[in-house]
Structures are given as C-alpha cells and as structure tokens.
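Visitor: Below is one structure. I have some questions about it.
The values are calculated or read from the model by the stated rules, or taken from the named source; none is laboratory data. Only a predicted model underlies this, so the values are computations on that prediction, with no experimental measurement involved. Because the Cβ atoms are built from the backbone with ideal geometry, glycine has one as well, and the counts that use them run over all protein chains shown.
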Amino acid sequence: MALAPAIALAGLGSFGLAGGSVLQHRSATASTQSDSTRSASTHQDSGRPAATPTSQSHATTMTRRQLAAMIRRPAWLAGMLAVVVATLLNLAALRLAPVTVIQPLGVMAVVWSVLLAPSGAGRRRGHSGSRRTGATWASVALILAGLIGFTVFSTTTTTTPAAIPGVTPVLAGAAISCLVGATLTATHRLAPAGLRCLALGASGAVFYGLTATLVRLGFSLLSAGDALTSTSVITTAAGALAACLVGGVIVQQAYALGHAEIVVAALTTIDPIVAATLGLTVLGEGRSVTALSIAAMAACGLLAAAGVAALSRARSHKQPTPPTPGPATHPAAYRTALSDSAPDDDPTHPHSAHRPRIALVSDYTMATLGGAESAFGEQARALAASADVLIACPASPALAALGRHPGITAFPVPVALTLPGLGLPVARNTARLRAALRNAFIAHRIDAVHVHSEFGIAAAAIDVAHELGIPAAETVHTFFWQAPAAAQPLLRLVVPRFHRLVTGYAGTTAQLARLSGDSALRNMTLTVAQHADRVISPSAHQAEHLRDAGLTRVDVVPNTVAEAPDARPVTTIDGPLRVLWTGRFAPEKRVLPFLAAAIEALDVVGPGLLRIDLLGTGPQFCAAARLVDDRPGIHLHGRVPHDDIPRWLARSHCSVLSSLGWDNQPMTVAESVTALRGVIWCDPALTEGVDRAGIPAFGPNGLTRRLIGLAVDPAPVLDASAAAVEARRLFGRDRFARSVLDVYRLAAGNPRLRPTLITESPA
C-alpha cells in the first residue's frame, strides 16, 4: 500500500467534490426557482391565478423538465466536471490503498463546502446562503472528530484481503445497500422539512459507498489476474456505474431541497461508513479487526452522524418567506360567490357574474383504476361547467390531462411514498402540506373545499378551509370497508395508528362493523367526516349508515356521468346476449364468484347464446385468467382507457355489478344507465338507478340463474334498457352541479338557501 500518495490524492478529491457540489447546488435551486417563475407567468398569461411561490424551506424535488434544464446550465456542467475530476482522483487513491482508508478522508469536503458556500453577503446578491455561525463550525468540528477517529481505527485494523470475495457476500452487501438507499429515498418526505435534503443526501451516500466498494473490488480482480474483458470485471464495473448514476440523480434532488454543505456532510459521513463497512465485511479488509475496534469505529461514526444532524439544523434554521396574499384574503370574502348567488343570478349559468371557485381534493391518484377516481374526474368536469375548479391530488398523467379541461386547474400534491400493493399515496397532514394548500386556495380565491378521501391530504385541506373560513364538504365513496378475516387483528392494531399519523386526528372508536379490523377501517372515514361541515353520500342506504354512526349533516347527491347523446335503447338482440363487467379485479368486487357463475351459465346455454366481456385489472386478474383458461364465451380484455367505456357499453346489451355489501353508489351503474343499458345487480341495498333500470340477481346462485334466464329470454334486458331513458336523469351533470352547490351553501351556513335537487332515492 502507498498510503502517502493515496492520502494526497484523496485530499485533492475532497476539494473538487466540495467545489463541484456548491456549483451543482446553485444550479439545482436556480432550476426549480426559474421553473416556478415560468409556471406563474404562464398561469397569468392564460388568465388563471397561479399558486403563491413558497420559500426554499418548502422546496420540492425536481421534475424531469427541471432536471433537463439544470444539466444544460454552465455552472452545473462546471460542477460536474469538478466532481468527475474529484472522482478520478479518488479512484486513483483507491488503486493505491484500501477503501477503508481512502473513503473517510473525504471528510475534508465538509470544511471546503462550508467555506465555499455563499454567506449572508452572497444571499444579498441573489444566492441562497446563510451566515456561518458558531453552531455551524461546532457541527463541522463534530464531523471532523468523528471521521478522523473512524479513519484512525479503520486504518489500524485494515489489512490487504487474503483472497477475492465470493459472489454471495458481494451480492448480499449490494442488495442491503440498495435496500437502505431506496428506503431513505422513498420515505424522505416523512422527515421534517429541514432534514429532507439530509435524507436524500444519505441515500446518495449509500449508493456512492457501494460504488467505491465495487471499484475497489474491480481493482482487486485486475490485480489477481482477471482480464479487463472478463465477466467478473465487466459485471463489477457495470454495478459500480449503475450505483454511481442512481446516487448521482438522488444527490441532485438533495441539492434542490437544501444547502450544499448539508448534502456534502451527508455524503462524506455516510459514504465512508458504508464503504468501510462493506470493505471490512465483504472485501475481507478487516481480518485483524477486534470487538474493541468495532465499538470504537461505531462510536466515531455516531459522533460524525450527530455532527451532520447538527449542521443540518444550523444551516436550515431560516425564517420562511411569508406567502403573498391573493386578491381576496379575508375569510368573509370566501363566502361571497356562494352566499350572493340567489336564484335570480344563477351561478350555474355560464355567463353568471358570481362563478364559484371550488377545490376538489383527494389522496388518491387519478391513475388508479377505481370507481372513486372515476367519480372524482366526472364530478370535476361536471362542476367546471358552472364553477372554476382546482383539482388537488397526487400527480399523474391523468391529472395533467384533466387540468387541460376548460375551467379546471390541476394542482399536483407531493406525496412521501405509495404503499405497495394498495396503490395508496401517503402524505401526512403537516405544516408544509397545509402551507402549500393554503397558498393554492388563496391564489385561486377558493369559495368551498370538497374532499373525496379520508387521509392526510383531505385532512390538511379541511384544516386549511376552516382556517380560512370557507366551507368544507366531504364525499364518502365507501363506508363499507371490508378485509379478509386473517387481516382483522393486524388492521385493528395498525389502522388507527397509521390514520392518526397521516391525518393528525384522534380517531373514533365506535363499533361500526362486526369484525374489529373492518370497524377500524370505517372509523377512518367517520373520523374525517366529523371534521367536515357537510357530508355527501352518493346513495341513500349509505347515508342512513352514516347517520346511524352519529353524523347529522349528511346529504344524498348521486354520482354523475357525462351524457351519451348517441346512446340508444336496446330493442333487439341478434346473436348471443352480451354482458359487460367493468371494474377492479379485487375480492370486494366479487369478480371470481361472477366468473364462476358465468362458467356455470355457459355450460348450460353455450357461447351461442351468451358472451361475457370483462374490462379491468387488479390483484385477482391472474386468478381470473386461470379460471377462464380460454373458455369460449368469456373474454378478459385487461385495462382499457376510461373514455372507451361508453363504446364498450354501446356494443353490449347490459352490464353486471357483482359486488355485495361493499359498494355505495357504483360508477358502473351510473355509466351503464347513462348509456341506456340495464344492470344486473346482486346487492338489494343499492337503489339509485337500478330501482328502474336494474335486473336483480339476489340470493344464492342468483347470478347463475339470472344469466341463464336472460340468455334464453332477454326480454328483461330490453325492458331495463327502455327504463334507463328516464333513470339516467338522476346522474345528469346539471342536476349534480346544482345539488352539490346547494350543499356548499348549506356548509357555508347561509340560512336562506336550501337544497332543491338533493334526491333521496326510494327505499
């Protein structure tokens, strides 16, 4: 080992890393700020109000467009060149000495980055800087002390590996490193605002530590006689390159969220600890390590980590820039459009002088396949004919497309992570989220807030509405949560704690279902509904359940679906009866029981009299495919665009709703009736639409018997289609808009206005 030259090279590399990081940080923040300015200008040019910009403490990670703009900036390219040179110097040092010696020496980059970062004077020139205080230097001293001690103990116990490590330990070390880095990245938004750049910096450092370990392994392979083109060397190099690229992207996002010196501190602390740990355990550089030296290195590592956390607090302690008030900031102003809209000045008229401004809010992404998401989009389009609508929910291409609809503005809400399997985006009701929603509501002069979910974003929107003095309504899309019996004990324990974590609300504990887990799920809905001024139920039977649970301000407003002007009733059936099933392939939709019934019916009548088409996907899609197994008469089409549903209904003679005890007022019914198609349904509690255009299939084997009967005698299908001509008025857009605006007026406490079109369906 040539320690002296290696240490000199590593020291020079630390300076290059610090300088390049400061330049890249400036470019990252400039990219996000210029994009925000451009967005605000675009909104103003288009006549739409723009959300008020927030301070850097409220910054978010960069989009792909912002990343592309950043990498074209000369300052970023210069910083990238400095980082590349620093990396090459570090690689040369790794060629001369073990990774456990070289990586800790990068600690000097912390000192360089603090010295190079813009101070208060720099901030006055336009850079995002802050003064270097005693707390800053004390934090740097802690980091230096910790990593110098770590270096001393690691170098005294480091030896040259006796042999090249096997594949298994290398893969295990890489897998653990990737898992840790991915977890830090996925959960960084759950951290306090000042620590989010630290979390991303730590994640990038984990990948950089893995990169250094793989580079050192590659040099060891070459020294052992492996050819440069050998599989082992190429695989190791590819792994190092991939880890470096992933770490680099994450670090750029960290620069956009905080100070460069915080990110550099995370890199120069976590990177060497990860690299040294992998070097000692995976590469075999710690053959002479003892329990005492391990304890000493752990203590020094904790000291350095404490210094990084202290530096993060010291450099992030800034007064946030107060939001710029919009043109109407007094709480009383928010009631104007609703309270002043008398019958002689109809707000639903497109030329009304008092066009309400409504914020529709949901925790769910519109990319999710589900009835609640479909209803949310349809209601936004319905309201946009008579109001200005702001959509606030997690970002997705579907949200962007909805934002291009006349009268609708999309406001993507950042989320911390998406729960795997459930597809639920998670965002906590934090001060930062409330500030973002408050700025948007003020900038758009919102008159009423309407939430469609029961998690963190909805809770934050309700809290902000109350703070601003504007009414908040909630649509409950389902109160009938169900889960498998095996999951009940876990749900009973986890759900209340999770819900309180994301909403900040103390949950209710009413017995709302026979099973404890289902009851806990329903209490989530009840808890948020209690904070809303009015609660909307799309069905009468769910409204009764909500009232029984203790809610007193519940109104019934059925869902809405766009009119189908080309829809025609079914008058004749030539060929097989075509039955359409649409929805999410999930247990609560009872898709597998429906398929079993369809198979039994086809065994009796054959594909010449009956054809079943299923649209959608979900967790039970594979099980459904195995059950069908190319059986004639049943066709699985997978997920199709929502806009294609009317065309599928036009090609079918009727649809089917197989759920039982789960659905409130399913969009399947509204879409089918609007398309003048009858609905085969299994749940006698459902009434809206199916009380006229429904074909009941109740009781045991009800679906099998009904499918067989309709295939032989389709007269009920023709009758239901004819009845849908009158039934579809219940789901009209104008009817919905008038009814829901009346609910907003009630929520605003205007006694002279009462709901005129809220319709309780016949029991």
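Visitor: Just to be sure I understand, how many residues within region 430-449 are in a helix (DSSP H, G or I) and polar (S, T, N, Q)?
Guide: Here the count works out to 1.
Visitor: A further question on this structure: Do we find that LEU614 is of a type in the set (A, V, I, L, M), in contact (Cβ under 8 Å) with a residue 40 or more places away in the chain and in contact with a strand residue (DSSP E or B) (Cβ under 9 Å, 6 or more places away or on another chain) in this structure?
Guide: For LEU614, the condition - of a type in the set (A, V, I, L, M), in contact (Cβ under 8 Å) with a residue 40 or more places away in the chain and in contact with a strand residue (DSSP E or B) (Cβ under 9 Å, 6 or more places away or on another chain) - is not met.
Visitor: Would a scan of region 544-556 turn up a residue that is farther than 30 Å from ALA435 by Cβ, out of contact with any Phe, Trp or Tyr (no Cβ under 6 Å at 6 or more places or on another chain), part of a strand (DSSP E or B) and free of Cβ contacts under 8 Å to residues at least 24 places away in the same chain?
Guide: Scanning region 544-556, I find at least one residue that is farther than 30 Å from ALA435 by Cβ, out of contact with any Phe, Trp or Tyr (no Cβ under 6 Å at 6 or more places or on another chain), part of a strand (DSSP E or B) and free of Cβ contacts under 8 Å to residues at least 24 places away in the same chain, so the answer is yes.
Visitor: Moving on. Of everything in region 376-429 that's in a loop (DSSP other than H, G, I, E, B), in contact with a strand residue (DSSP E or B) (Cβ under 8 Å, 6 or more places away or on another chain) and among the aliphatic types (A, V, I, L, M), which residue is modelled with the lowest pLDDT?
Guide: Among those that are in a loop (DSSP other than H, G, I, E, B), in contact with a strand residue (DSSP E or B) (Cβ under 8 Å, 6 or more places away or on another chain) and among the aliphatic types (A, V, I, L, M), it is ALA416.
Visitor: Please tell me if SER539 is more than 23 Å from the chain's Cα centre (by Cα), surrounded by 18 or more Cβ atoms within 10 Å (Cβ to Cβ) and in contact (Cβ under 8 Å) with a residue 12 or more places away in the chain.
Guide: yes
Visitor: Of all residues being at pLDDT 75 or above and small (Gly, Ala, Ser) in region 121-165, which is nearest to ILE7 (Cα to Cα)? Just the residue, please.
Guide: Among residues in region 121-165 that are at pLDDT 75 or above and small (Gly, Ala, Ser), the one nearest to ILE7 (Cα to Cα) is GLY149.
Visitor: Looking at this structure, is THR211 assigned to a helix (DSSP H, G or I), modelled with pLDDT of 85 or more and touching a helix residue (DSSP H, G or I) at 6+ places or on another chain (Cβ under 9 Å)?
Guide: Yes, satisfied.
Yes/no per residue for (1) modelled with pLDDT of 90 or more; (2) part of a strand (DSSP E or B); (3) under 20 Å from LYS589 (Cβ atoms):
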position: PRO632; (1), (2), (3): yes, no, no
position: VAL656; (1), (2), (3): yes, yes, yes
position: GLY661; (1), (2), (3): no, no, yes
position: GLN665; (1), (2), (3): no, no, yes
position: ALA670; (1), (2), (3): no, no, yes
position: ALA711; (1), (2), (3): yes, no, no
position: LEU718; (1), (2), (3): yes, no, no
position: SER721; (1), (2), (3): yes, no, no
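Visitor: Please go through (1) buried (at least 22 other Cβ atoms within 10 Å of the Cβ); (2) touching a His at 6+ places or on another chain (Cβ under 9 Å); (3) not assigned by TED's automatic domain parsing to the domain that holds SER374 for HIS499 and return the number of the only condition it doesn't satisfy.
Guide: For HIS499, the exception is condition (2).
Visitor: Oh, and also: Given the structure, is THR687 of a type in the set (Ser, Thr, Tyr), out of contact with any strand residue (DSSP E or B) (no Cβ under 8 Å at 6 or more places or on another chain) and surrounded by 24 or more Cβ atoms within 10 Å (Cβ to Cβ)?
Guide: Criteria not met by THR687.
Visitor: Follow-up. Test LEU210 against the criterion of being over 30 Å from ILE457 (Cα atoms) and surrounded by 24 or more Cβ atoms within 10 Å (Cβ to Cβ), and give yes or no.
Guide: yes
Visitor: Quick check: is even one residue across region 731-739 surrounded by 20 or more Cβ atoms within 10 Å (Cβ to Cβ), under 20 Å from THR582 (Cβ atoms) and either among the hydrophobic types (A, V, I, L, M, F, W, C) or out of contact with any Leu (no Cβ under 7 Å at 6 or more places or on another chain) (or both)?
Guide: Among the residues of region 731-739, at least one is surrounded by 20 or more Cβ atoms within 10 Å (Cβ to Cβ), under 20 Å from THR582 (Cβ atoms) and either among the hydrophobic types (A, V, I, L, M, F, W, C) or out of contact with any Leu (no Cβ under 7 Å at 6 or more places or on another chain) (or both), which makes the answer yes.
Visitor: Kindly indicate which of ARG584, ARG578 is at pLDDT 90 or above and of a type in the set (Lys, Arg).
Guide: Going through ARG584, ARG578 in turn, just one is at pLDDT 90 or above and of a type in the set (Lys, Arg): ARG578.
Visitor: Looking only at region 634-654, count every residue that is over 17 Å from LEU602 (Cβ atoms) and part of a strand (DSSP E or B) and tell me the total. Break it down into steps so the answer makes sense when it comes.
Guide: Taking region 634-654 first, the residues over 17 Å from LEU602 (Cβ atoms) are 637-651.
In the following step, the residues that additionally are part of a strand (DSSP E or B) were identified as none.
Counting residues in region 634-654 that are over 17 Å from LEU602 (Cβ atoms) and part of a strand (DSSP E or B) gives 0.
Visitor: Give region 485-509 a look and list any residue that's part of a loop (DSSP other than H, G, I, E, B), in contact with a helix residue (DSSP H, G or I) (Cβ under 6 Å, 6 or more places away or on another chain) and over 21 Å from VAL449 (Cα atoms), or say none.
Guide: Within region 485-509, GLY507, THR508 qualify.
Visitor: Looking only at residues in region 214-236 that are out of contact with any helix residue (DSSP H, G or I) (no Cβ under 9 Å at 6 or more places or on another chain) and outside any helix (DSSP H, G or I), which one is modelled with the highest pLDDT?
Guide: Only one residue tops the list, namely THR229.
Visitor: Continuing with the same structure: Can you find a residue in region 450-458 that is among the small types (Gly, Ala, Ser), assigned to a loop (DSSP other than H, G, I, E, B) and either under 26 Å from ALA382 (Cα atoms) or without any contact (Cβ under 8 Å) to a residue 12 or more places away in the chain (or both)? Before you say what the answer is, go through the steps one by one.
Guide: Pass one, region 450-458, residues among the small types (Gly, Ala, Ser): 453, 456, 458.
After this cut, where a residue has to be assigned to a loop (DSSP other than H, G, I, E, B) as well, the list is 453.
From what is left, the residues that are either under 26 Å from ALA382 (Cα atoms) or without any contact (Cβ under 8 Å) to a residue 12 or more places away in the chain (or both) are 453.
Among the residues of region 450-458, at least one is among the small types (Gly, Ala, Ser), assigned to a loop (DSSP other than H, G, I, E, B) and either under 26 Å from ALA382 (Cα atoms) or without any contact (Cβ under 8 Å) to a residue 12 or more places away in the chain (or both), which makes the answer yes.
Visitor: Would you confirm, using the coordinates I've provided, whether ALA625 is farther than 21 Å from LEU686 by Cβ, modelled with pLDDT under 95, in contact with a strand residue (DSSP E or B) (Cβ under 8 Å, 6 or more places away or on another chain) and assigned by TED's automatic domain parsing to the domain that holds ASP713? First the steps, then the outcome.
Guide: Values: farther than 21 Å from LEU686 by Cβ: yes; modelled with pLDDT under 95: yes; in contact with a strand residue (DSSP E or B) (Cβ under 8 Å, 6 or more places away or on another chain): yes; assigned by TED's automatic domain parsing to the domain that holds ASP713: yes.
The answer is yes for ALA625.
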